[in-house]
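Take a look at the structure below.
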Amino acid sequence: MPTTRHCIAALSLLLTACTPTAYLSLKPDQGSGFWKDGHERSVIRQDSLEVSLGFVRYEGNSLVFDLDIQNQSERAVLVAPEQFNYTPVATTLHKGQEYMPYFPGPVSAINPEQKLDGLVAAVVYNVRESQRPLVLAEAEYGQQYRMEHSAAALQAQTQKQDVEARLLRKNTLLPGQGIRGYVYFPRTDEADVLRLSLPLRRQPLLLSYRQLRSRQPAY
């Protein structure tokens, strides 16, 4: 027969299991005090380039940054987002951790062309499935299957159009030109600091973001 101690222990485990994980947020390590579209920007000027970076959101397994680059020099600059990366750093042992996390090396940005290819593939797959006859299935199941994939295809198409309109892709900036778009990175939730490297010149531009944890979502 369970004792009071056993019941308390079981209740404690249940409450622990139901406790939400910490909410994450990213803030510039050295904020500029300049805000745009609801996000504080990191601003750096180097070699006649002006770079403004803002963290937009966590999206699934990705981090989304809004990057603005202005070429104020007299020579062209190649913007290749797939060459961007960040180095994750752990500085604090957080609750529930027995050891400091180990990170094998820099984390590369998601290749924008591969991201678009994945979204196109999702549209094509769901359109094909929405039209596929299920010969051996019951009519009601087949109809439901096609409707679900039709909705998924529409959602994937909408997402593709939205990403395509905002995504920063490989471009050559001529003198006096600028460009702005979203850059996607894989998440590293265990890191406390993300040290970003943007190889726009021979000497990469460096920016740092601090990943904060809280019990309430940051707005």
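The values are calculated or read from the model by the stated rules, or taken from the named source; none is laboratory data. As the structure is a computational prediction, the values presented were derived from the model and not from experiment. Cβ placement follows ideal geometry from the backbone for every residue including glycine, while neighbour counts extend to all protein chains displayed. Accessible surface areas use protein heavy atoms only, side chains included; no ligands, DNA or RNA. Shrake-Rupley method; radii C 1.70, N 1.55, O 1.52, S 1.80 Å.
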- Message: I need the GluC sites (Glu not before Pro) found in region 134-219, filtered to DSSP loop residues with at most 15 other beta carbons within 10 Å of theirs.
- Response: GLU138, GLU190
- Note on the structure: In Å², rounded to a whole number, the accessible area per residue of region 83-128 with probe 1.4 Å is 64 Å²
- Task: May I ask you to give the percent of accessible area on the chain that is carbon plus sulfur, with a probe radius of 1.4 Å?
- Result: 53 percent
- Message: Can you compute 3J(HN,Hα) from phi for each residue in region 72-82, using the Karplus curve 6.51 cos²θ - 1.76 cosθ + 1.60 with θ = phi - 60°, rounded to whole Hz and x for Gly and Pro?
- Response: 9, 8, 9, 9, 6, 9, 8, 9, 10, x, 5
- Residues with amide H under 5 Å of LEU63's amide H, sequence separation 5 or more or different chain, H placed in the peptide plane at 1.01 Å from N; which? PHE185, ARG187
- Task: Using only Cα atoms, locate the centre of region 139-217 and the centre of region 77-133, then give the distance between them in Å, rounded to an integer.
- Result: 8 Å
- Item | region 93-163: trypsin sites (Lys or Arg not before Pro) in DSSP coil with no more than 13 other Cβ atoms inside 10 Å | LYS95
- HN-Hα J in Hz across region 183-200 - Karplus 6.51, -1.76, 1.60, θ = phi - 60°, x for Gly and Pro: 10, 10, 10, x, 6, 9, 5, 7, 7, 9, 9, 10, 9, 7, 10, 10, x, 8
- Checking region 20-125 for chymotrypsin sites (Phe, Trp or Tyr not before Pro) in a loop per DSSP with at most 13 other beta-carbon atoms within 10 Å yields PHE34, TYR99, TYR102
- Query: Once fully extended, how much extra length lies between ASN171 and LYS95, figured as 0.36 nm per residue of separation less the alpha-carbon to alpha-carbon distance?
  - Reply: 23.0 nm
- Item | Partners for LYS36 among lysines (Cα-Cα distance below 25 Å; same-chain residues under 8 apart left out) | LYS27, LYS160, LYS170
- Message: Taking Kirkwood radius over Cα pairs in Å straight from the coordinates, which label in [x] 17.8; [y] 20.7; [z] 20.1 is the correct one?
- Response: [y]
